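Notes follow the structure.
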Amino acid sequence: MCALLVTPAHRNQSPDRELSVRSLSVPEYEAFLSRNRNASFLQYPSWAAVKDQWRSERVGWHYPDGQMAGAGLVLYRQFPGTRKYFAYLPEGPVADWSDPHIDRWLEPLKRHLRAAGAFAVRIGPTPAYRRWDAAAVKSATGPGRQVSDVLATEVDPVGAALADRLRTRGWTRCGGEDDGDAQPRHVFRVPLAGRSVDELWSGLNQEWRRNVRKAEKAGVETVLGTAADLPEFYRLLRITEERDGFRLGRALSYYQRQYEALNAESPGRMRLYLGIHEGEILAAHTMIVAGRRVWYQTGASADHRREVRPSNALQWRMMRDAHSLGADEYDMRGVPSTLDPDERSFGLLRWKLGTGGQVVETLGEWETPMDGYTNTALYKGFQAYMARR
């Protein structure tokens with residue numbers, strides 16, 4: 001994996017000035033991130049510790065005068081039986097993608113990665129592509145319908161232009177027509193900036209407000225857990241996977257490692273929220289805080305006593321905590337592209353729609369092999385290998 005963070009050129013910098021890439025020390029990298037607080041948590045140094053099966057490197061983009069223009073955490077995955085690597089940039093780079101001179105960012109990166117042994121690279125540019133308000137999505141549900149069938153509330157011109165620029169340079173969009181691959185293409189985000197808690201409450205639909213009140217009346221407590229509660233979270237997660245028909249494929253040790261690494265980097269970066277009723281943990285959700293953004297990462301709940309609505313209570317607590325932290329948005333992560341109420345996965349989208357946020361189609365992830373027949377052949381082999389895993 002690889003996460004990249006770049007910033008717009010200073011106004012006194014010519015748009016065609018060359019950039020070079022070199023390795024960074026941890027202090028250099030962290031200093032850059034501290035000045036760029038919109039970076040995804042996947043771009044923080046701690047993510048290298050979470051992805052412990054990937055080799056890591058920190059790199060920076062510099063102008064000829066030495067000024068740093070961008071930085072990234074690169075994680076390399078080795079192709080079995082070779083000394084070659086796949087480089088992945090989750091939810092990155094973050095850049096001034098309205099700049100048409102994207103080659104001055106991408107080409108130095110590709111040269112650096114190829115010299116490090118990479119045969120291919122995947123990126124996840126951060127501009128949104130399209131947005132749909134909750135009301136527009138709810139009114140368009142029906143048999144066989146997809147989010148892409150609905151006229152978007154907003155189309156981001158930067159995202160649309162960037163997609164064209166990547167295609168003309170030989171990059172291929174990952175995943176299917178409507179859904180992504182490693183990272184979700186469609187996510188759900190609740191805007192927080194400029195809104196009061198009362199406005200957030202009024203943004204919830206009637207069913208959500210009723211369920212939050214029901215949880216309060218039933219005596220559901222929402223508390224912060226600790227690392228000692230992760231085994232119970234994981235037990236509930238396995239129950240949720242079986243009930244809802246999905247499988248994340250992660251062991252308890254993954255969440256323990258993530259909790260330890262993120263909170264060692266910054267206390268409170270990863271939080272575990274527990275919904276407790278009559279002394280029993282009925283729901284457990286994880287939340288990640290980085291810069292001015294907050295993410296709801298993973299939710300789990302029991303099969304019994306669902307009528308007391310512990311998950312609604314937890315989400316309302318987490319939204320209020322994100323607001324109090326000064327976050328610009330509360331990202332509830334992935335949602336399916338289907339709008340068919342008969343599809344099992346539609347229930348997740350329906351639940352998140354009740355918060356009054358927006359479905360956001362990200363630009364998605366894009367891949368390209370490095371130049372050369374050998375790299376292209378390895379890239380095709382790697383695709384086949386990953387498809388079999």
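The values are calculated or read from the model by the stated rules, or taken from the named source; none is laboratory data. Just so it is clear, the model here is predicted, and its values are computed rather than measured. Note: ideal-geometry Cβ built from the backbone for every residue, glycine included; neighbour counts use all protein chains shown. Accessible surface is based on the protein model in full, side chains and every heavy atom, while ligands, DNA and RNA are left aside. Shrake-Rupley method; radii C 1.70, N 1.55, O 1.52, S 1.80 Å.
Observations on the structure shown:
- Just one of the listed residues (Gln297, Gln258) is of a type outside the set (Phe, Trp, Tyr) and outside any strand (DSSP E or B), and it is Gln258.
- Residue in segment 356-373 that is over 15 Å from Met332 (Cβ atoms), small (Gly, Ala, Ser) and open to solvent by 30 Å² or more (accessible area, probe 1.4 Å) present: yes
- Complete set of residues in segment 20-58 that are aliphatic (A, V, I, L, M), part of a loop (DSSP other than H, G, I, E, B) and at pLDDT 90 or above: Leu24
- Residues of segment 110-135 that are over 21 Å from the mean Cα position of the chain (by Cα), of a type in the set (A, V, I, L, M) and either under 23 Å from Gly175 (Cβ atoms) or assigned to a loop (DSSP other than H, G, I, E, B) (or both): Leu113, Ala116, Ala118, Ala120.
- Residues of segment 89-107 satisfying the condition of being of a type outside the set (Lys, Arg) and open to solvent by 10 Å² or more (accessible area, probe 1.4 Å): Glu91, Val94, Ala95, Asp96, Ser98, Asp99, Pro100, His101, Asp103, Trp105, Glu107
- In segment 151-171, the residue that is surrounded by the fewest Cβ atoms within 10 Å (Cβ to Cβ) out of those that are touching a strand residue (DSSP E or B) at 6+ places or on another chain (Cβ under 6 Å) and of a type in the set (Val, Ile, Thr) is Val155.
- Per the conditions (1) open to solvent by less than 10 Å² (accessible area, probe 1.4 Å); (2) at pLDDT below 95; (3) not aromatic (Phe, Trp, Tyr), the sole criterion not satisfied by Ala302 is (2).
- The residue that is modelled with the highest pLDDT, among those in segment 172-183 that are in contact with a Cys (Cβ under 9 Å, 6 or more places away or on another chain) and open to solvent by 40 Å² or more (accessible area, probe 1.4 Å), is Ala182.
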